[in-house]
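A short reminder: the numbers here are calculations on the coordinates, not readings from a lab. None of these values were measured; they are calculated from a predicted model. All Cβ positions, even for glycine, are placed from backbone atoms using ideal geometry, and neighbour counts span all protein chains on display.
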Amino acid sequence: MEFPFDVDALFPERITVLDQHLRPPARRPGTTTPARVDLQQQIMTIIDELGKASAKAQNLSAPITSASRMQSNRHVVYILKDSSGRPAGKGAIIGFIKVGYKKLFVLDDREAHNEVEPLCILDFYIHESVQRHGHGRELFQYMLQKERVEPHQLAIDRPSQKLLKFLNKHYNLETTVPQVNNFVIFEGFFAHQHRPPAPSLRATRHSRAAAVDPTPTAPARKLPPKRAEGDIKPYSSSDREFLKVAVEPPWPLNRAPRRATPPAHPPPRSSSLGNSPERGPLRPFVPEQELLRSLRLCPPHPTARLLLAADPGGSPAQRRRTR
Ligand SMILES: CC(=O)SCCNC(=O)CCNC(=O)[C@H](O)C(C)(C)COP(=O)(O)OP(=O)(O)OC[C@H]1O[C@@H](n2cnc3c(N)ncnc32)[C@H](O)[C@@H]1OP(=O)(O)O
């Protein structure tokens, strides 16, 4: 994937790690340094384009990775570049993987709910022209070492068939523990749950392009106690949740408020907060409180008044309850 600017100078290392600050990595000595804002704009362009390409490859209706979503989440993206075109070309981007810690409620093999906070694979893409060349593995392996996690410790947000095959081939991950949410976890997940997240993602909130530390050690952290079934929320929020087509609420909650003039700007199709870009055809919802208020202010219909008057048995209290 090529860009009109010098990707090779922007990302001096083969793999660049970026967090929510999207800070441009330090440039090689001797290279000219454009204004910081320009560099950050280039990074945002790369992330937006990668997100779009990944969504297309997965047949998603909208990207789940974008610069704005990165800025509003504590996710980390690992970007793999190709500088083989150097010195003539400007380098190219091969792909990326996005990870982040998420609080999830997952079922173990006895179908008991467990509250956990594993590192999740949220998005992963290698350019079509170079898939099945080992780049995915290179990126994944780097991420595992940097985050100090083992493959069984990961939760995968709705993996594609290709990713399932990838995990099976490279990491022998095959047997899944059935879940009711969109996350896939593999056998061995619970055995490793006492291994805590590494400080790389949690504590270091800077753009990094550091060398891989080959010693995967991390201090132990106690997991929260198991919750009673009643406390458990029915699902854990996936990053892909906002892609689902929204279900229209029943009448009259689906009535749009009357507007004299159309809005000057349509609502954003997708925001960093994760509202669905698929909601175009749906009418905006009337807030429930507003609806109740307007119902209370409504004078009773004449027929209703007649019916109330003709009901000798109905006490005011009963009528209040019925109403
Ligand atoms: C949580 C999520 O992100 S889900 C979305 C995952 N991303 C996608 O599905 C996007 C499209 N696919 C891709 O971008 C890539 O194929 C990735 C990221 C899944 C893997 O990256 P690659 O560079 O192709 O992987 P790498 O070369 O290291 O390993 C190849 C192995 O991956 C699996 N794989 C990759 N592509 C395919 C494919 N088209 N069909 C079946 N298996 C595939 C196979 O196990 C393959 O081994 P094989 O060639 O011996 O059969």
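List of remarks:
- Using θ = phi - 60° and Karplus 6.51 cos²θ - 1.76 cosθ + 1.60, couplings along the stretch 10-18 (whole Hz; Gly, Pro as x): 5, 10, x, 8, 5, 10, 10, 10, 10
- Tail fraction, Cα-Cα pairs, the stretch 7-211, threshold 32 Å, whole percent: 16
- Among the listed pairs Lys103/Lys162; Lys56/Lys162; Lys90/Lys146; Lys102/Lys165, those beyond 19 Å (Cα-Cα): Lys103/Lys162; Lys90/Lys146; Lys102/Lys165
- Mean Cβ neighbour count within 10 Å, used as a protection proxy, ranking 113-124, 30-41 highest first: 113-124, 30-41
- Built amide H within the under 5 Å cut-off of Ile94, gap 5+: Leu80, Lys81, Asp82
- Backbone geometry of the stretch 140-148 corresponds, through the Karplus equation with coefficients 6.51, -1.76 and 1.60 at θ = phi - 60°, to 3J(HN,Hα) couplings of 4, 4, 4, 4, 4, 5, 5, 8, 6 Hz, x marking Gly and Pro.
- As a length-normalised measure over Cα pairs under 8 Å and 6 or more apart, the relative contact order of the stretch 1-136 settles at 25 percent.
- Proximal charge balance of Thr176 [Cβ under 14 Å; K/R count +1, D/E count -1]: -4
- Close amide-amide hydrogen proximity is noted between Asn182 and Ser236, each under 5 Å apart and 5 or more residues distant or on a separate chain (H modeled in the peptide plane; Pro and chain starts excluded).
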